[in-house]
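K.L.:
Handing you a structure now.
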Amino acid sequence: MSRVFPYPLLIASLVTMWLLLTSFSLGQFIVGLAVALVAAQGMAALHPSKPRLRRWDLIGKLVVTVLYDIVRSNIDVARILLQGSRRPNTSGFMTIPLELRDPTALALLAVILTATPGTAWLDYNASRGTLLLHVFDLVDEETWYELIKTRYEHLLMEIFE
Amino acid sequence: MSHIAELPLWASVLVSIFLLIGAGLTLIGSFGFYRLGSFYDRLHAPTLGTSWGAAAILIASMICFSVLQSRPVFHELLIGIFITITTPVTLMLLGRAALYRDRAEGNPEVPAMDPPKGVIEPGAAQE
């Protein structure tokens, strides 16, 4: 089973993508599945670390949280930009110690933090587990710390570890 | 194949609202990119365009073509997904390159290589 379908999630995503790009029909499904199976074999030959999802049910919660935060930070950053030079510069660096170690979860956290306006992932020190962020509106460091630790890291750790 | 005139009023209004939001956010992002001074600040401005700037325009496109073709059109979602997962790659590449150079030059505004373990550093807030 796992030899034919080495990456079920990857295969499902590729088939869905194929169907979205062409049309939803049985013929396209078969072609898409064939492409996905070949791609998954190629992926398996690279031997990437296989992520283990422990809590499927929390993924929806993560997606909703992230989408909500992206909307909110879009508004925040747009407001700061529109205030122009009347406003003092409040951006700065901050370092956050992370307990998260799973590479997939870290990659996901990087995508979340970068996709959200206002935070940019700059550097991750793997030996210490510290993350260097650049925050656009660093007025209250504690708020950002809490946001990343409790809102994202905690959830990601529950899902992946 | 311009059938835009066939679009019902409610759909035109929705599409216009989303297009304006998307275009507006992208414009604000580009304006910020132009106005901001430091490199690291400039990393933040374009993300407006790649997050909800793009998303709102894609939603407008989905509504418009779903209504016109009387069937759900979803493949814009793929554009959104690919923008979201590829932006961090370039953004981190640029950010880390700048950080590497600033550290090599000994720029005092940039935090040093290895802060002590488990310490939240006070942000190097600039004036």
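Each reported figure results from applying straightforward, stated rules to the coordinates on display, with no laboratory input. Everything numeric here is computed off the predicted structure, so don't read it as measured data. Using ideal geometry, Cβ is built from the backbone for each residue, glycine included, and neighbour counts are taken over all protein chains shown.
K.L.:
With 10 angstrom as the radius, rank A:LYS61, A:LYS50 by how many other C-beta atoms surround their C-beta, starting from the fewest.
P.N.:
The order, fewest Cβ neighbours first, is A:LYS50, A:LYS61.
K.L.:
Tell me, which longest segment in chain A has none of the chymotrypsin sites (Phe, Trp or Tyr not before Pro) that fall in DSSP loops with at most 13 further Cβ atoms within 10 Å?
P.N.:
The longest uninterrupted stretch comes out as A:57-161.
K.L.:
Taking Cα atoms, how many degrees apart are the long axis of helix A:57-83 and the longest axis of chain A, rounded to 10 and kept between 0 and 90?
P.N.:
The two axes meet at around 40 degrees.
K.L.:
How about the range A:76-142: which trypsin sites (Lys or Arg not before Pro) there lie in a loop by DSSP and see at most 16 other Cβ atoms within 10 Å?
P.N.:
For trypsin sites (Lys or Arg not before Pro) across the range A:76-142 that sit outside H, G, I, E and B with at most 16 neighbouring Cβ atoms in 10 Å, the list reads A:ARG101, A:ARG128.
K.L.:
If you plug each phi of the range B:36-42 into the Karplus form 6.51 cos²θ - 1.76 cosθ + 1.60 with θ = phi - 60°, what whole-Hz ³J(HN,Hα) values come out, in order, with x for Gly and Pro?
P.N.:
5, x, 8, 4, 5, 5, 5
K.L.:
What helices does chain B hold that run 15 Å or longer along their axis, going by alpha-carbon atoms, with a Kyte-Doolittle average of 1.0 or more, using DSSP H for the helix calls?
P.N.:
Long hydrophobic helices here: B:9-35, B:54-69.
K.L.:
Which ³J(HN,Hα) values in Hz, rounded to whole numbers, follow from the phi angles of the range A:23-40 under the Karplus curve 6.51 cos²θ - 1.76 cosθ + 1.60, where θ = phi - 60° and Gly and Pro get x?
P.N.:
For the range A:23-40, the Karplus-derived couplings read 7, 7, 9, 5, x, 5, 4, 5, 4, x, 5, 4, 4, 4, 5, 4, 4, 5 Hz, x marking Gly and Pro.
K.L.:
Helix-derived [θ] at 222 nm for the protein assembly as shown: sum -39500 (n - 2.57) over DSSP H runs of at least 4, divide by residue count, nearest 500?
P.N.:
Calculated mean residue ellipticity at 222 nm is -19000 deg cm²/dmol.
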